[in-house]
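The values are calculated or read from the model by the stated rules, or taken from the named source; none is laboratory data. In this text, all values refer to a predicted model and were calculated from it rather than measured experimentally. Neighbour counts run over all protein chains shown; Cβ positions are idealised from the backbone, glycine included.
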Amino acid sequence: MTSIDVKRIDHHGLVAGVIDDLQILEIIDSCLPPNGQESVTFGEAVKAMIMNGLGFTNRPISLTPQFFENLPLSDLFGHEVTPEDLNRHKLGRTLDALWEFGCEALFTQIAYNACHLEDIQCNFLSEDTSTFSVTGEYDQATDEQEILVTHGYSKDNRPDLKQVVHELMVAQDGGVPLMTKSWDGNTDDHQVFRERARNLVENFQHADDLRVLIGDSKLYAEPNSKNLASIPFITRVPGTLNLEKQITEQAFQHPEHWSPLDGANSYQRFDLCHYGIEQRWLVIFSHERFKGVQKTVAKERDKENEKIRSKLFHLQAKRFDSKEKALQALEKLRAKWKYHRLRSYDFTEHKRYGSRGRPSRNASPQKIEWQIHAEYEEDQEALQHAQQKRACFVLGTNVDTDKLSDAQILAGYKGQSKVERGFRFLKDNAFFVSSLYVEKPSRIEVLIMIMTLALLVYAVAQRRLRLELWRQDETLPNQINQPTQRITLRWSFQMLEGINVVTLDKGDEKERHMDGLTGLRIKILKFFGENVCRKYGLSPATDSG
């Protein structure tokens, strides 16, 4: 009698193939050799957790065996593995072993090996931090190296929860993560950036090509200036600096000096020395940003107008002992106006007599009080100036013009969105970060590293897909069935849904078939190379299912 066994492989074979291509298992198992008594190695356990994360099923790592129940494990791992082999005890031991070895060192080794294998350019490195909120109570262990899970400034807008701070640095070529580190939940961004810049000094000095660190305004601080003086950097200059305000004001005093930078921005350049660093600052006016700023400032103007009207109503109902005091009260209000100005004012005299009723013709007033009346109007000049300043930002760099042009400086800073996109990926509700609950702070640190490994695999695979589409001048259909070369890997995963491994057990022999390999799915898989195709029983030259 013939029995049929059907296992889903969908996009999981693609993920497993890319993990194998990046030699993640080999690196982990070389750092943490298996003891020979385990059915799966530490590297294979990490591979399982990465695949769980990229399954986008919102399933915590404790349920990893459940995730693999209906998947063809022998195809994904290359040998017989059961879901029970990936139980929570094995995964827990793996997390502990990785923490003992060192998360940052291990991840960096894997990431730079991936960059070498995939020829990823590491010239522009974007750095940023975010926070991960956690649930549960965490008692600090005796090991001082464990991160402190505690309350701090929450970028997740969850001040009620304890958290850890996550530092991430990515290569702008594909948004591939190069470094990950977890910090105490109350760590300040300035401390993170200062430590990272200090650690990069030697690395950058020994690099064969130009390396540039790119960060937001927290990177540019006086305590970090010694480190910044030793490495190439691009950063946004904090708007809280007086010099930044002066430079921006100076730019608008000379409108004839504005030059086009690209189709959406104009700029003025200033060469100066600040914090002891010779650098150039670019005051950039964003025309696109200006449109949004106009609406924002208009709302602020209307809100201020209502407040002024109310304040003046109450002021004009008061009486003062002198004109000077009335004028001082008006001036106190006027000093807070941003988008309005005083048009005119006058006074009304009120005489006070000693007795009630109508005073006699010859009676002298005992006191004179003054009532002030004011008219105001919109300050068009102040309004326009505020809109222009809001549409501006200042970039600072110490990289020479002969190495990077002004336009390249702006392009490099715009690439900061790659690290922000990485954080959005990690915090996606479908990713297992949404259930960040493990027993020990050390395991939280390792779990964040493994999630970043999943981001590494995802970013490399998406970069590889887009690069092959461009090289081969091919396209794939997007969500509205329009051809594109800027396809997302997530959508490609969805297009691969419906591929199954079918096993026919005839007693004396077994036949294996791959079901659901349509022309479009084969086309997608072929872009990922031989190792991925082998997971689906294909060769890169296969044209049909």
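I'd like to know if region 344-354 contains one or more residues that are assigned to a helix (DSSP H, G or I) and either of a type in the set (Ser, Thr, Tyr) or surrounded by 10 or more Cβ atoms within 10 Å (Cβ to Cβ) (or both). Looking for residues that are assigned to a helix (DSSP H, G or I) and either of a type in the set (Ser, Thr, Tyr) or surrounded by 10 or more Cβ atoms within 10 Å (Cβ to Cβ) (or both), one finds none in region 344-354, hence no. Within region 88-110, not a single residue is out of contact with any strand residue (DSSP E or B) (no Cβ under 9 Å at 6 or more places or on another chain), of a type in the set (Asp, Glu), free of Cβ contacts under 8 Å to residues at least 60 places away in the same chain and in a loop (DSSP other than H, G, I, E, B).
The residues on offer are 323, 338, and the sole one that is in contact (Cβ under 8 Å) with a residue 24 or more places away in the chain, surrounded by fewer than 16 Cβ atoms within 10 Å (Cβ to Cβ) and in contact with a helix residue (DSSP H, G or I) (Cβ under 8 Å, 6 or more places away or on another chain) is 338. Considered as a group, the residues in region 278-312 that are of a type in the set (A, V, I, L, M) and more than 28 Å from the chain's Cα centre (by Cα) include one that is surrounded by the fewest Cβ atoms within 10 Å (Cβ to Cβ), and that residue is 298.
When region 249-287 is filtered for residues that are farther than 24 Å from residue 220 by Cβ and either charged (D, E, K, R) or in contact (Cβ under 8 Å) with a residue 60 or more places away in the chain (or both), the ones remaining, listed by number, are 256, 287. Taking every residue in region 12-37 that is exposed (fewer than 15 other Cβ atoms within 10 Å of the Cβ) and of a type outside the set (Val, Ile, Thr) and pairing it with any residue that is modelled with pLDDT under 95 and outside any helix (DSSP H, G or I), at least 6 positions away or on another chain, the pairs with Cβ-Cβ distances below 9 Å are 33/41; 34/40; 34/41. Of the residues making up region 48-65, those that are free of Cβ contacts under 8 Å to residues at least 60 places away in the same chain and surrounded by 17 or more Cβ atoms within 10 Å (Cβ to Cβ) are 48, 51, 55, 64, 65. If the condition is being among the hydroxyl-bearing types (Ser, Thr, Tyr) and outside any strand (DSSP E or B), then region 247-294 contributes 248, 275.
Take the conditions in contact (Cβ under 8 Å) with a residue 40 or more places away in the chain, over 21 Å from residue 498 (Cα atoms), part of a helix (DSSP H, G or I) and not acidic (Asp, Glu) and apply them to residue 45. Does it pass? Answer is yes for this residue.
Annotation: residue 248 fulfils all but one of (1) buried (at least 18 other Cβ atoms within 10 Å of the Cβ); (2) over 18 Å from residue 381 (Cα atoms); the unmet one is (2). Can you find even one residue in region 191-202 that is in a strand (DSSP E or B) and either farther than 19 Å from residue 112 by Cβ or in contact (Cβ under 8 Å) with a residue 12 or more places away in the chain (or both)? Scanning region 191-202, I find no residue that is in a strand (DSSP E or B) and either farther than 19 Å from residue 112 by Cβ or in contact (Cβ under 8 Å) with a residue 12 or more places away in the chain (or both), so the answer is no. Restricting attention to region 479-524, the residues that are among the hydrophobic types (A, V, I, L, M, F, W, C), exposed (fewer than 15 other Cβ atoms within 10 Å of the Cβ) and in contact with a helix residue (DSSP H, G or I) (Cβ under 7 Å, 6 or more places away or on another chain) total 1.
Quick check, is residue 165 under 16 Å from the mean Cα position of the chain (by Cα), aliphatic (A, V, I, L, M), modelled with pLDDT of 75 or more and farther than 17 Å from residue 187 by Cα? Against the criterion (under 16 Å from the mean Cα position of the chain (by Cα), aliphatic (A, V, I, L, M), modelled with pLDDT of 75 or more and farther than 17 Å from residue 187 by Cα), residue 165 does not qualify.
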